[in-house]
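First comes the structure, then the notes that go with it.
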Amino acid sequence: MTTATTFNHKAQWVMDCCEALGKVSQSPAYVDRRYLSQEHKQANALVATWMQDANMRTWEDGVGNLWGRFESDSANAKSLLMGSHLDTVVNGGKYDGMLGVVAPIAVVKYFHEQGIKLPFHIDIVGFCDEEGTRFGSTLLGSRALTGKWQNEWANLIDADGVSLRDAMQSFGLNFDAVNACAIKGEDILAYLEMHIEQGPVLEAQNLPTGIVTGIAGAKRMLFNVQGMAGHAGTVPMNSRQDALAGASEMILAVEKVAQSNNIVATVGNIANHPNAVNVISGNTQFSVDIRSIDDKQRDVCVASLFAMCQEIAEKRNLVLTINETHAAPAVKCDSALMLQLEAATKLAQIKPFNLVSGAGHDAMAMADICPVAMLFTRCEKGISHHPKEAIETPDVAATLAVLYHFIRNF
Ligand code: HGY
Ligand code: MN
Ligand code: MN
């Protein structure tokens, strides 16, 4: 009977790999690995050696994704595609993304060691930019695979003013050649992504793994509030056009709309100008990330938020402009794959449990070309996008056992 204990040793290997990847960061103090950086190159090279040790052929595609293939002997074999992202948020955890790349390598390594051959290839992809940390976008690596690469992304710029086009060139890639990375859906049997839950549900259920039913859709926008800078000591309060004060009222409106509609909305990034102690703020920009498993409900909330913020702007004699920077519809996981995950979970002697993903994943992009499924691993207190992100080795072993049975019976 192949259960979690079969994979105890491999689970420790996965944890050690995530630990090693956690050290590949642009900061010595915390995890921070961004798209097209030196750390991206290092991480791809490191993961490629683990894939090669599992008897996988490896390559890097034209957008910077890392690939590994465990070849089938069957002629015209199609691929079961698995993977997740290798980039991180700033000051992130060691498992968000990385677990979903390293865990399948561990199971492939087990197949290789056991001399198990499969009637389909196993392809594992380490996506290069899911978080969008460097350019404020998201899902760039997976959208390149699904033919959704956008020409206007060439002008996305990072905090240093480097454009995506130039950053790709320095990395040895060509922005205009990315469309050649697109893969054909008919070659992919399914896409399965393992990921830490990034929420508290599995811990509350006291379960090591969970089957994802759907992924919440997200919209990201940049709010630009234009006021009038002025002297903090001389401009009377009733004649100010204070951009930061206006933005603050708008940020509370973001929170209010989310709370009163049972969705989630976050202002994570703010820039204030001139940001001086004795100057009334002339311009404030802030990001809004708003999500729901129900796209219609989310868009109704976005509309009411826009109306509330325009009202605040008029009342304060400010000019508000809003630009949408990202939109991904909610995605339902494939019901047949969910049933196969359920059967595999039972074979691993674990109680199956279904849950929604509030976090976004590359599976949202891959759903454009093939059926997708996700398997979650419990994480401590649901903490993620934080250095305290933590998982337990036995839960990784359980995840590997479920994955083993899923593939053996796929
Ligand atoms: O934002 C997200 O949900 C994902 O972690 N990129
Ligand atoms: Mn993340
Ligand atoms: Mn992630």
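Quick notes
- For region 55-107, a crude dipole built from +1 on the beta carbon of Lys and Arg and -1 on the beta carbon of Asp and Glu, taken about the Cα centre, is about 100 debye to the nearest 20.
- Residues whose amide H falls under 5 Å from that of residue 230, counting only those 5 or more places apart or on a different chain, are 280, with hydrogens built in the peptide plane.
- Shown in residue order for region 31-37 are the 3J(HN,Hα) couplings computed by the Karplus curve 6.51 cos²θ - 1.76 cosθ + 1.60 at θ = phi - 60°: 6, 7, 10, 10, 4, 6, 9 Hz (x for Gly and Pro).
- Checked against a 28 Å cut-off, the cross-linked pairs 78/109; 219/315; 41/109; 23/184 give Cα-Cα distances beyond that limit for 23/184.
- Taking the three principal axes of the alpha carbon atoms in the chain, the coordinate ranges are 79, 46, 39 Å, sorted in descending order.
- Cα centroid separation - region 98-162 against region 331-410, whole Å: 17
- Loop-located trypsin sites (Lys or Arg not before Pro) in region 69-126 (DSSP state not H, G, I, E or B) with no more than 12 neighbouring Cβ atoms inside 10 Å: 117.
- Under 5 Å, built H, 5+ apart or other chain: amide partners of residue 118: 73
- Estimated vicinal HN-Hα couplings, Hz - region 182-195 in sequence order (Karplus 6.51, -1.76, 1.60; Gly, Pro = x): 4, 9, 8, x, 5, 8, 10, 6, 5, 10, 10, 10, 8, 7
- For residue 292, the amide hydrogen comes within under 5 Å of the amide hydrogens of 217, counting only partners 5 or more places away or on other chains and with H modelled in the peptide plane.
- Selected from 61, 96, 187 as most flexible by GNM, with the chain as the system and alpha-carbon contacts under 10 Å: 187
- The dipole here belongs to the chain: it is taken about the Cα centre, uses +1 on the Cβ of Lys and Arg and -1 on the Cβ of Asp and Glu, and is about 360 debye.
Quick note: the coordinates plus some simple rules give every number you see, no bench work behind them. Fair warning: this is a prediction, and the values are worked out from it, not measured in the lab. Please note: Cβ atoms are built from the backbone with ideal geometry, for glycine as well, and neighbour counts cover all protein chains shown.
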